[in-house]
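**Q** I have a structure I would like to understand better, so I am pasting it below and will then ask my questions one at a time.
The values are calculated or read from the model by the stated rules, or taken from the named source; none is laboratory data. Please read these numbers as outputs of a predicted model, since none were measured by experiment. Cβ sites come from the backbone with ideal geometry, for glycine too, and all protein chains shown count toward neighbours.
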């Protein structure tokens, strides 16, 4: 059943907002958003794109600083949790879960935050900031109508712990899940751990039923799979389709990374396939034509297109490749926001406008 919600029913406060992946998605859906981001380069891009921004440290703020926001979103820094990183976050996973339980148990938050400083990499503890905001908002009598969290797959156990804590306090939370971006029309294979939740005692959701994560619209990529098989989903979006205004003819992207650690076994993706995960090192990837002749490497604008940022997105500041690699693909963001806020008509309209 439809909910009573419209885009104007909401305002999102987006923690660790980066250059605007989720906020661009919200803008496409007509949902106001303010992003909290302290990286000067990401802020430069946000300002160029006229995205509402608070250039502050998330740890210095709380729900009381954004009283008009009734939706919390967050994508904490993921470097210490990624496979490509040094693994500090994975080794500290048990510690992080213990800290989450301490926060939920009502322990003095300053004591918990002081102990978090003892972690070998402070970015690992930042994943707990959304939980702090959620619990504080409940205690203040102004729980968020909805919550949207995303991170790398290694953080799924943290989201599961958050889900259990939030259910105990009145939220409806479907099991968090790892989503494949190409299944939502992103021309790139990338996986993200997603949590969505809705406040159970809210007039906005009385007619909408339990929240559910978005259902895939496109086929999952598998090497050698026929992209034109007849089934209920659409073919995955290819690099060639995403970059058709900028590149003509077939091409092959040769990864900077060696498969299994072997530098001679570098992954290859053809233009009739989705891109491999876009990272901050994307400019190191070689691009060849079908004869093996070197072509110009992917531009920053092209890297943004593979992330589903609009053509001509106003990337600004420094370290732009890293900004792009760290961002949430806006197209995935639209699906997740629409599922969390029960906005299927706005999603359909926004997707129809996509090139």
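**Q** Here are 215, 210, 182: which of them is surrounded by fewer than 13 Cβ atoms within 10 Å (Cβ to Cβ) and in contact with a strand residue (DSSP E or B) (Cβ under 9 Å, 6 or more places away or on another chain)?
**A** One residue alone meets the criteria, 210.
**Q** Same structure, new question: Which of (1) in a helix (DSSP H, G or I); (2) more than 29 Å from residue 16 (Cα to Cα); (3) in contact with a strand residue (DSSP E or B) (Cβ under 9 Å, 6 or more places away or on another chain) is the odd one out, the single condition residue 290 does not satisfy?
**A** All conditions are met except number (1).
**Q** Of everything in region 165-176, what is surrounded by fewer than 16 Cβ atoms within 10 Å (Cβ to Cβ) and either at positive phi or within 21 Å of the chain's Cα centre (by Cα) (or both)? Give them in sequence order.
**A** Selection gives 170, 175.
**Q** While we're here: Checking residue 130 against (1) surrounded by 24 or more Cβ atoms within 10 Å (Cβ to Cβ); (2) in contact (Cβ under 8 Å) with a residue 60 or more places away in the chain; (3) touching a helix residue (DSSP H, G or I) at 6+ places or on another chain (Cβ under 7 Å), only one condition comes out false. Which one?
**A** (3)
**Q** Taking only region 7-35 into account, find how many residues are in a loop (DSSP other than H, G, I, E, B) and under 17 Å from residue 57 (Cβ atoms).
**A** Residues flagged as in a loop (DSSP other than H, G, I, E, B) and under 17 Å from residue 57 (Cβ atoms) within region 7-35 amount to 3.
**Q** Let me ask something additional. Keeping to region 40-53, report how many residues are crowded, with 21+ Cβ neighbours inside 10 Å and assigned to a loop (DSSP other than H, G, I, E, B).
**A** Residues meeting the conditions: 1.
**Q** Also, I was wondering about something else. Within region 46-67, track down each residue that is in contact (Cβ under 8 Å) with a residue 40 or more places away in the chain, within 24 Å of residue 280 (Cα to Cα) and out of contact with any helix residue (DSSP H, G or I) (no Cβ under 6 Å at 6 or more places or on another chain).
**A** Residues satisfying the conditions are 47, 48, 49.
**Q** Another question, then. If a residue must be within 12 Å of residue 21 (Cα to Cα), touching a strand residue (DSSP E or B) at 6+ places or on another chain (Cβ under 8 Å) and part of a helix (DSSP H, G or I), how many such residues does region 293-332 contain?
**A** 1
**Q** A further question follows. Among the residues of region 192-249, what is the count of those that are touching a helix residue (DSSP H, G or I) at 6+ places or on another chain (Cβ under 8 Å) and in contact (Cβ under 8 Å) with a residue 60 or more places away in the chain?
**A** 14
**Q** Let me spell it out: the conditions are (1) crowded, with 19+ Cβ neighbours inside 10 Å; (2) outside any loop (DSSP other than H, G, I, E, B), and residue 64 meets all of them except one. Which number is the exception?
**A** Only one criterion is unmet by residue 64, namely (1).
**Q** Also, quick follow-up: Across region 133-168, what is the total count of residues that are assigned to a helix (DSSP H, G or I), closer than 21 Å to residue 201 by Cβ and free of Cβ contacts under 8 Å to residues at least 60 places away in the same chain?
**A** Total meeting the criteria: 7.
**Q** Additional query: Quick check, is residue 174 closer than 17 Å to residue 337 by Cα and at pLDDT 95 or above?
**A** Yes, satisfied.
**Q** Residue 74: surrounded by 15 or more Cβ atoms within 10 Å (Cβ to Cβ), in contact with a helix residue (DSSP H, G or I) (Cβ under 7 Å, 6 or more places away or on another chain) and at pLDDT 90 or above, yes or no?
**A** Yes, satisfied.
**Q** Looking at region 110-123, which of the residues that are surrounded by 14 or more Cβ atoms within 10 Å (Cβ to Cβ) and at pLDDT 75 or above is nearest to residue 164 (Cα to Cα)?
**A** Of everything passing the filter in region 110-123, 112 is nearest to residue 164 (Cα to Cα).
**Q** In region 223-245, which residues are within 16 Å of residue 188 (Cβ to Cβ), assigned to a loop (DSSP other than H, G, I, E, B) and at pLDDT 90 or above?
**A** 235, 236, 237, 238, 243, 244
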